[in-house]
Structure formats: C-alpha cells, structure tokens
Amino acid sequence: MPWTKVFLNNKELDNDGVNKGLRSISYKEALKEAHNLMMDKDERVFIMGEGVDDPGGVFGSTVGLCDKFGRDRVMDIPLAENGMTGVAIGAAIAGMKPIFVHMRMDFLPMCMDQIINHAAKWYYMSGGRVNVNIVIRSIIGRGWGSAAQHSQAIHGLFVHIPGLKVVMPATPYDAKGLLISALEDGNPVMFVEHRWLYDSIGYVPNDIYTVPIGKGVVRRQGKDVTVVAISHMIYEAMLAAKELQNEGVDVEIIDPRSIKPLDEGLIFESIRKTGRLVIADVGGKMVGVGAEIASRVYEDMYGFLKGPVRRIGLPDVPTPCSSVLEKAYYPDYKDIVNSIKTLLS
Amino acid sequence: MKILENLFHIIYYGKSCDLNSENMEIEEIMKADKAIILELLRKMLLIRRFEEKIIDVYSVQDMKTPVHLYIGQEAIACGVCVHLKNDDYVFSTHRSHGHCLAKGTPPSILYAEFYGRKSGCAKGKGGSMHLVDTERGIWGTTAIVGGGIPLGIGTALASKMKRDNKVTVVFFGDGAADEGTLQESLNFVSLKKLPVIFVCENNFYATNSHLRARRATDDIIRQAQACSINSLQVNGNNVMDVYNAAKNAVDMARDSGEASFIECKTYRWMEHVGPNYDYIKGCRPQSELDEWIKNCPIEHHKDFTKSMGIITEDDFVDMINIIDAEIETAIAFAKESAFPDTKELFEDVLFNNI
C-alpha cells in the first residue's frame, strides 16, 4: 500500500520506483488541502485561531485559504483562548463544524475549562441530545531553544478525559485523511500535529478520503520486536529499524495514528508474533500514553511477553532551551535501538 | 408589539398614544395586554410553586441532585423569555430551573431528571445543574461559572453565519462577571456584531461571597459599556421592567444583529445550594433577606395585575390551584418513571458511540 509508506527523505521517495506517478506532497500541504476540500464541500466548516489568516498561515497549513474563503470562514480571533474555545463549541452546538487552530500545543492549557468541562462532557450531560462536532488542532514544537512553553507534548492529558478523541497523524496521507474524518466525526477531536513533520513528504490522493479514527497501521513488518511509535517517533523508529536490520534484528513498527480510541487489537496482534514491545512517544513518560499502552499489554497480553515492556519518552523535566540540554532531553532512534538491544539480550 | 407600550401610556398618561397599530380598539388592546401580563404572573408562579415543591420533598432524600433554587429571581427569566421564539437559543447555569420553565420546558421532565429517571430531560445523566431541552432552545446548561457565556456567543456566531434570524440569550450571575469568559465574550460580540442578549442576574452573592468582597465596583454593567455594548440596569424584581428592557434587546438583536447587556438587580432567597434559608448559618443577615422578601417579584406583579383589574384574589387562588395540580402530576410522573438501566452508564459518552 503506497498510502501507508513512510519516507525518511526525498531520496527515498525518488527511489520508490514501484509507485511512480503517484502524487507526493508535504504534511503541511496535505493539511491545507484537507481544509480546502472540506470548506468547499461543506459550508458549515470554518477555521478560527490566532493568525490563521496571516501570510505564514500556521506554518503553511492554512496559507492562502482566507483569500479563497474570506475572513468570516478563516477567522483571526482575539487572544482569548478559553472564551474562544467556548465560542467554537457553541457554534458546533448550533450545527457548525469549527476547526480551532493553536500554533503551539502549549496554548491548550488556557482552554482546559472549555475543552474538559464543556466540549468533552456536553454529549453525556445532555443525555446524548447535543453533540459537539469540533476539531482542535495543535502543534507540538521542538528545537531551536523553544523551551518550556513552546514545545510541550501534552496529548496524554486529553487521553485521560472521557468524551474526547485524540489523533496524532505522522504522515501527509494520515494528516489529510484524519482531519477529514475528525470533521465528520461528530465528537470533539484533539488533532495533534508535530512541527517536525510539516515538511515530511508522502503519497496523498487529490480527492476527499478518510482515515478511520481508532485504526492503527503497521508501518513496517517484522518478527522480533514490536515498536509502537507515536507521531514524530515513527521516523525515529524507522531509522532504528534500518540500523538493526544490518544486525539481523527484524523490527515491526506500529503507528496507532489515534491514541484515543486506541487500536489495541493491532498492537496485541503484533505482540502475539514478536513477544516484545517498545513504546516510543513524543510526550512525557510519566502517566503518559506509553504507560497506558504498557498497562493494557500487561493486563491482557502478559502470557505472550518474552520480556518487560520498554518505554521511551520525555523525562519528567520541563523542556530546556540550551541546545546541549535539548539534545540530552529528546530521545531519538539510538534510544530505540538501545531499548531493543536490551530487550533482546 | 406596540401593544404593551400603549398599555403603559394608558396607565401613566390616562390615554392611548397613537402608535398606529392598525387602529386597534382600546378594548382589544387591553385584552391582548392582559394576556401577556397574566402569563407573566402565571409563569412566575409556576417557577415559585415548582421550587417550593422541591423544598417540600427534598428532605426525603430521594431527589439526589444538588438544587440551586431560583426563588426571588423569577421575574428575570419570565420577563426575558416571553419575547423569545421557540427555537431561539438560551444558555444558563447551575441555577436554571426558572429559565427552562420560562422557555416552556414541561415540569415533568425536569422533576424526572432531578429524580435520576430515564424519562428526565437528560435521561438522568445531567441532574439539576445540566438541564437540556433542545425542542425549546435549551441546548444545555453548565455548572462551571461563566462557562456557558461563550457557548451562547458561539450559537449567535452560527446564527449570523447561517442567517437564521435566531437570537441567543445568555443568563449568568454576578459571580460569572468575575470570570474572564464574560469579558472575552463581550469583546468578541462587540467586534463581530452578534445577536446576543446578555442577562446578568446580579443577586449580590457568589455562593456566600458578597459582590463587594470580589469586585471594586458594584456595577457589572460597566464591563459591557467598556465594550460599547448597549446596556442598562433594571430592577430585576419588577417583571414589567425586565419585560420592557428585554423587548428592546430582543428586537434589536433580531432586527439589526445588535447585542445588549441587561443587568438585573435581584436577590436569591434560599441558600446557594439546597432547600434551606442560609441566614440561619450566618451566611448573610436576615434583615437583608426580609427586605428583599418585601420586594417579592410575584407579590409586586400580583398587586399590579389586581390594580389593573385583570385578576381578583379569587382568580389568583385559582391560578395557584391549577399550577399545583400540574406540579403534582409532574412529580407523580417523575416518581413513577423507570430508572436508567446500569448499562446506560456507558452510553452517550461519544456521538455514534464509536
């Protein structure tokens, strides 16, 4: 399947002779295309967020859309994150399909009351009479000294809340397909992107298509060890698999794509085959997504495990600025390689 | 819509003003006005008796939901909601019984909700603080102070985008004025010109914290004025004052998409939550409550209707009896209704349950 392929760089894409003729675009272009197509298709869809209409267009993901759709549908907003989230929820209650965009995930803590107390619970509190069809996009930053308030990956917080869905696309194909799914889901969907994925490239169909929320995908088949990698860590996992292949270790890589709901069936199936699990997350290890996946595996798949589940994630430390400290803070493919080696030894 | 204005003219000036309202005979005008005045009294009484019934039954402890009673503030919900169409949006708070009843929600599905029954307005999932009645424009109520205000701004934004000519009313208390969401909402409404009526029910207390302990000035209205929103203060215990203010506000929202802010000064008689008076606990002075009870919105409006010759004391007693019978039927319906099946715990978490 060309759509599930991950390319580490342009060269890999160029060498992919099998699928010559398919269109390839970047992650940010795929996002923009999803907005564009859905706003054409459905006049209820609109975008709101700080700077969504500016020349940069949220790192390119909304660039030019205001020229086509106007500023009523590509709406710059006051710096009032909580109130404006409530406005988006209200619009959704009235049948609109808002996409609320945050350039940094770090701005979400300012919206927590409206996301957690309102959007997430409205359907349940109303006895299933009022649903909230809202997509909240946010982008995890990283590097260049972005530091503690411009590089958080706090997706785990939202997984904890009943009533929310959380998706984390890693490829251009998934970015477009999941955004379209999220808009048609009928529930509040936290759509979590990673800044380092914006220029990644992959095959993307021109038309509207969906990637089902809650369905993961096997990025690489393998028999020795399963790596569940989230968001940008998919690319680190692919690098690790490449390196280990030379040493005769066959790594299977699973991209859950949605972390809530989680495709645990796909993960369990892989563990039945490999008996070993490494989880690589872009967020913190402490009470994080890795901890949740590991717990479920221990509860239901203990008998299949040949060794302990290993987790890779951020230490329980705010993000530092200095490049030296940053380097020490972020895990990369070498950490995945080392974890796998430990598990196999 | 000029009928009531004319009525006031008759009352205050002793003659009809020329409102060019199809040359209606004074007799006919009076008949129509009487209907509105009477309906306001009936609605206020319904809310009062509905909540007094809660006080009656609450000690049995089978109505397991925290109740925030509206007694003393009935004029506001009634004076505002009488102007609304069925599908106009209303957003309210943890203290929302009155708003729902004023908008036309049947007492039966409210009581059923309080008793945790499946036949409740939210199937027993919400309780007293999370009422819903989409058929009558109540799209949910929130127990997070200030949380519902921006939701109403959102429906108004949607109305403007869809050009559906609906208006949105957001009810909130003086406590919500302390929250950032109010100021964020006022600014956005002013910026985008949205058809919203902000109704602040200033009863001077957020739970037991007095306005003066929380705010530098008494007048919440100044927050709206700072955003250039049409705003006025009214006596929230005078239903005709509220009626007039709301009439202008709703007309303006509907006809020209302009927002308004109405600050209604009023007073909550009962404790913040529960069926008792709270002066006994020392939360506030009894003398203060006594003064406000003398200023009861229902007594005031009853005197007005009597002075207008619209009803007699006997009519009033009949009205109460009819309302009480309706309430008894509603309570019986609620108590006879089935509880939800425990498997319903897992339903309605997600739309489409996937």
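The values are calculated or read from the model by the stated rules, or taken from the named source; none is laboratory data. Keep in mind that this is a model prediction, so the values were computed, not measured. In this analysis, Cβ positions are derived from the backbone assuming ideal geometry, glycine residues included, and neighbour counts consider all displayed protein chains. In case anyone asks, the SASA skips ligands and DNA or RNA and just uses the protein heavy atoms, side chains included. Shrake-Rupley method; radii C 1.70, N 1.55, O 1.52, S 1.80 Å.
In terms of modelled amide H atoms, which long-range or inter-chain residues lie less than 5 Å from the amide H of B:I311?
Result for B:I311 returns B:K306.
Give me the net charge of A:D53's neighbourhood, meaning all other residues with Cβ under 14 Å from the Cβ of A:D53; Lys, Arg count +1, Asp, Glu -1.
Neighbour charge sum, excluding A:D53 itself: -1.
List, in order, the whole-Hz ³J(HN,Hα) value for each residue of the stretch B:147-160 obtained from phi through the Karplus relation with A = 6.51, B = -1.76, C = 1.60 and θ = phi - 60°; use x for Gly and Pro.
Karplus-based 3J(HN,Hα) across the stretch B:147-160 equals x, x, 4, x, 4, x, 5, x, 5, 5, 4, 4, 4, 5 Hz.
What whole number of Å gives the distance from the Cα centroid of the stretch A:209-230 to the Cα centroid of the stretch A:261-325?
14 Å
Using only the Cα atoms, work out Rg/Rh for the stretch B:227-354, with Rh taken as the Kirkwood radius, to two decimals.
So for the stretch B:227-354, dividing Rg by the Kirkwood Rh gives 1.10.
Hey, if we sort A:K68, B:K53 by accessible area with the 1.4 Å probe, largest down, what's the order?
Result of the area sort, largest leading: A:K68, B:K53.
Pop out the carbon and sulfur fraction of the accessible area of the protein assembly as shown as a percent, whole number, probe 1.4 Å.
About 51 percent, which is the carbon plus sulfur part of the accessible surface.
Per residue of the stretch B:205-219, in order, report the coupling 6.51 cos²θ - 1.76 cosθ + 1.60 (Karplus, θ = phi - 60°) as ³J(HN,Hα) in whole Hz, putting x for Gly and Pro.
Listing the rounded values in order: 10, 9, 6, 10, 8, 6, 3, 6, 7, 10, 9, 6, 10, 6, 8 Hz.
When the gyration tensor of chain A is built from Cα positions, what are the square roots of 5 times its three eigenvalues, in whole Å, from largest to smallest?
32, 23, 20
What residues qualify as long-range amide H neighbours of A:R220, i.e. H under 5 Å apart, gap of 5 or more or another chain, H built at 1.01 Å from N?
The list, which skips near neighbours in sequence, is A:I253.
Between B:L194, B:L41, B:L289, which gets the highest mean-square fluctuation from a Gaussian network model of chain B, Cα cutoff 10 Å?
B:L289
Say the dipole of the protein assembly as shown comes from +1 at the beta carbon of Lys and Arg and -1 at that of Asp and Glu; which of B:F346, B:T181, B:I310 then lies farthest toward its positive end?
About the Cα centre, the residue reaching furthest to the positive side is B:F346.
So what's the gap between the Cα centers of the stretch B:155-195 and the stretch A:22-63, to the nearest angstrom?
Distance between centres, Cα-based: 27 Å.
So, in nm, how far is label B:A226 from label A:H160 when the simple model puts each one 7 Å beyond its Cα toward the Cβ?
3.3 nm
May I ask for log10 I(q)/I(0) of chain B at q = 0.08 Å⁻¹, from a Debye sum over the Cα atoms as equal point scatterers with solvent left out?
Computed log10 I(q)/I(0) values: -0.39.
What would the Debye formula give as log10 I(q)/I(0) at q = 0.13 Å⁻¹ for the alpha-carbon point model of the stretch A:1-94, no solvent?
-0.59
Taking the Cα centre as origin and putting +1 on Lys and Arg beta-carbons and -1 on Asp and Glu beta-carbons, what dipole magnitude results for the protein assembly as shown, to the nearest 20 debye?
Dipole size: approximately 1980 debye.
I want to verify the translational diffusion coefficient of the stretch B:111-223 in µm²/s; compute it with Stokes-Einstein, Rh as the Kirkwood radius over Cα pairs, at 10 °C and 1.306 mPa s.
103 µm²/s
Average projected area of the Cα convex hull of the stretch B:59-161, in nm²?
So the mean shadow area of the Cα hull is 6.8 nm².
Rank B:E135, B:E299, B:E258 by mean-square fluctuation in a GNM of chain B with C-alpha springs under 10 angstrom and give only the top-ranked residue.
B:E135
Once the Cα gyration tensor of the stretch A:217-344 is diagonalised, what are the square roots of 5 times its eigenvalues, in whole Å and ordered largest first, as equivalent ellipsoid semi-axes?
Those come to 23, 17, 13 Å.
Taking 37 °C and 0.692 mPa s as the conditions, I'd like the Stokes-Einstein D for the protein assembly as shown in µm²/s, using the Kirkwood hydrodynamic radius from alpha carbon pairs.
Reported coefficient: 118 µm²/s.
Whose amide H sits under 5 Å from the amide H of A:I312, counting only residues 5 or more places off or on another chain, with H placed in the peptide plane?
A:I279, A:A280, A:D281
Dipole magnitude of the stretch A:217-344 about its Cα centre, charges +1 at Lys/Arg Cβ and -1 at Asp/Glu Cβ only, in debye to the nearest 20?
I would put it at about 180 debye.
Could you report the accessible area of B:V234 in Å², rounded to 10, computed with a 1.4 Å probe on the protein chains as they sit in the structure?
The accessible area comes out at roughly 20 Å².
Taking the Cα atoms of the stretch A:10-203, report the difference between the largest and smallest coordinate on each principal axis, in whole Å and largest first.
54, 39, 31
HN-Hα J couplings of the stretch B:337-344 from phi, Karplus 6.51/-1.76/1.60, θ = phi - 60°, integer Hz, Gly and Pro as x?
6, 7, 6, x, 5, 4, 5, 6
Roughly speaking, what is the centre-to-centre gap between the stretch B:70-110 and the stretch B:228-306 when only Cα atoms are used, to the nearest Å?
For the stretch B:70-110 versus the stretch B:228-306, the Cα centre distance is 13 Å.
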